[in-house]
1. Take L87 and tell me if it is touching a Gly at 6+ places or on another chain (Cβ under 9 Å), open to solvent by less than 40 Å² (accessible area, probe 1.4 Å) and modelled with pLDDT of 95 or more.
2. Among strands (runs of 3 or more DSSP E) lying entirely in segment 246-335, which contain 1 or more residues that are in the same structural domain as R413 (by the TED database), open to solvent by 10 Å² or more (accessible area, probe 1.4 Å) and in contact (Cβ under 8 Å) with a residue 60 or more places away in the chain?
3. What number of residues within segment 223-241 are open to solvent by 20 Å² or more (accessible area, probe 1.4 Å), at negative phi and under 16 Å from the mean Cα position of the chain (by Cα)?
4. Enumerate the pairs (first residue in segment 463-483 and more than 14 Å from C427 (Cβ to Cβ) and free of Cβ contacts under 8 Å to residues at least 24 places away in the same chain; second residue anywhere and open to solvent by 30 Å² or more (accessible area, probe 1.4 Å) and among the basic types (K, R)) with beta-carbon separation below 7 Å, excluding pairs fewer than 6 apart on the same chain, so at least 6 apart or on different chains.
5. Within segment 201-208, identify whether any single residue is touching a His at 6+ places or on another chain (Cβ under 8 Å) and of a type in the set (K, R), and answer yes or no.
6. Could you please let me know if A100 is aliphatic (A, V, I, L, M), without any contact (Cβ under 8 Å) to a residue 60 or more places away in the chain and either surrounded by 13 or more Cβ atoms within 10 Å (Cβ to Cβ) or part of a strand (DSSP E or B) (or both)?
7. Give the residue that is most open to solvent (accessible area, probe 1.4 Å), with candidates limited to residues of segment 162-201 that are charged (D, E, K, R) and over 16 Å from the mean Cα position of the chain (by Cα).
8. Kindly provide the set of residues from segment 62-80 that are assigned to a loop (DSSP other than H, G, I, E, B) and of a type in the set (A, V, I, L, M, F, W, C), ordered by number.
Amino acid sequence: MGFKRRHWAWPAAPLALAVLAATGCESTPSARPKPTAAPSTSVARVCAEPAAGPAKPPPGAVTVDPAVAGDLAAKTKSSPPDTTFWLRPGRHRLEPDRYAQVIPKEGDSYFGAPGAVLDGRRTNQYAFGGTARDVTIRYLTVQNFVAPHDEGVVNHDSADGWVIEHATIQHNSGAGLMAGARQRVRASCLRGNGQYGMNAYKATGRISGLVVEGNEIVGNNRDDWERRRPGCGCTAGIKFWAVDGADVRANWVHDNRGAGLWADTDNNDFRIEDNVLEANDGAALIYETSYNAVIRRNTIRRNNWVEGRKGADRGDTFPFATVYLSESGGEPRIRARTDRIEIYRNVLEDNWSGITLWENADRFCNSPANTSSGDCTLLVKDTDRCAQPAIATAPLYADCRWKTQRVDIHDNRFELDKSVVSCTVKCDRMAVLANYGTFPDWSPYQGDRVAQAITLQQHNRWHHNVYIGPWKFVAHDPSRTLDSGQWQGTPYGQDAGSTFRARDGG
């Protein structure tokens, strides 16, 4: 597929600040939270309670026989576009060749009867591929395929207009599902896949109009790729790349190894709402080098215990967060349903820390420190323009870097009980900060100018929130830890109209 890896990792404390590293959490373990029972909030439980497909073939459907190996691919090949296929109950197989797969034609639909399973038997790499548009897959279990790293099993070639509903895509290597433009993924179970539940990536161009609604996304990154390839930034329950317009709503994203949801590199115009994000080893949500989003009415609990604790145990002063915005902000010049990142009416409970707004001073277009190698902002089409002397003056000084700006965090509830999280330090922070710019030697962003900008000049605001528990605040750089009074005072002026109280009501 030619996937381009992003060599990304949580930013380490700048070298100048490394001497300030404190002792990590005194709790035991790197143990992950116990697998989550169904949450009290009403969310999709589609893995435990999958909807049953039609017990009889739909009118005019071609019936597929599980006793005949390769029957599904052969009948697809011999049928015209816009054909409906009904897979009878049982375990369906492809031919025993690693590249054997189903290549739908435009408008084809696939319905699984109750108990219909398409099984790759750890032999076939892909289940459904090709470039045909407007393919529908419903009520079918797809499992045990062995897609390579960064590739996917269903919609392998990221064709446009696919609809995946009431499907179970589980126990595959690579990504269970790829995504194209106008794709709809609804009421499906993306479970226990080796790398991603879904990888929303297209080799050429951008993905637009993606809907991910009412799914259960659980236990993905089973193969632990961040350990196998440290810093690859190549895992999540769902990863989004260059998606322009996405509605991610009413999903239950839980118990994934690594992040729950991760939007990475030039995404824009997201609505992430009414989800339950819980017990993911890493952040519930990462929004990185991206633009313009509404994040609202989500229940976010018990995330980041594993990765946050690892950072604390190694003495890292960086505020590892449950909602992590990295070089991402609102940009009115990029068309979207909002011109900011607005985070409101969410409940965050017993996570490892809260929200971190971060900007790497050394990361910009054409910098060797840009881990999204070869990519530039949506404001600059020619990366080569971002070089001296032009980058030192307007407009390129501003437009050549992704900026964490115009972030509005309000009317959220942040609760923390350290005895639940099992920690003593470093799990209790909100933050807005940057590193001290040092690299490359021609960078116009050296020194603390980016730290000053993100903290005081780029319109990042917390206000009218409720804090319960022992919260601390980090501003400008990792060495500045503040109490609520300092956070609200000059020069930061954050959390006007917010309330702070201990868990006992004091």
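The values are calculated or read from the model by the stated rules, or taken from the named source; none is laboratory data. All values reported here derive from a predicted model rather than from experimental measurement. All Cβ positions, glycine included, derive from the backbone under ideal geometry; neighbour counts span all protein chains shown. Only protein heavy atoms, including side chains, enter the accessible area calculation; ligands, DNA and RNA are left aside. Shrake-Rupley method; radii C 1.70, N 1.55, O 1.52, S 1.80 Å.
1. Values: touching a Gly at 6+ places or on another chain (Cβ under 9 Å): yes; open to solvent by less than 40 Å² (accessible area, probe 1.4 Å): yes; modelled with pLDDT of 95 or more: yes.
Judged against the criteria, L87 is a match.
2. Numbers: elements: 252-254, 261-264, 268-273, 276-278, 285-288, 291-296, 299-301, 323-326.
The qualifying strands (runs of 3 or more DSSP E) are 268-273, 291-296, 299-301.
3. The total comes to 2.
4. L482/K472; D483/K472
5. Checked against the condition, which is being touching a His at 6+ places or on another chain (Cβ under 8 Å) and of a type in the set (K, R), segment 201-208 yields no hits at all.
6. So A100 passes the test.
7. Only one residue tops the list, namely R182.
8. Residues satisfying the conditions are A67, V68, A69.
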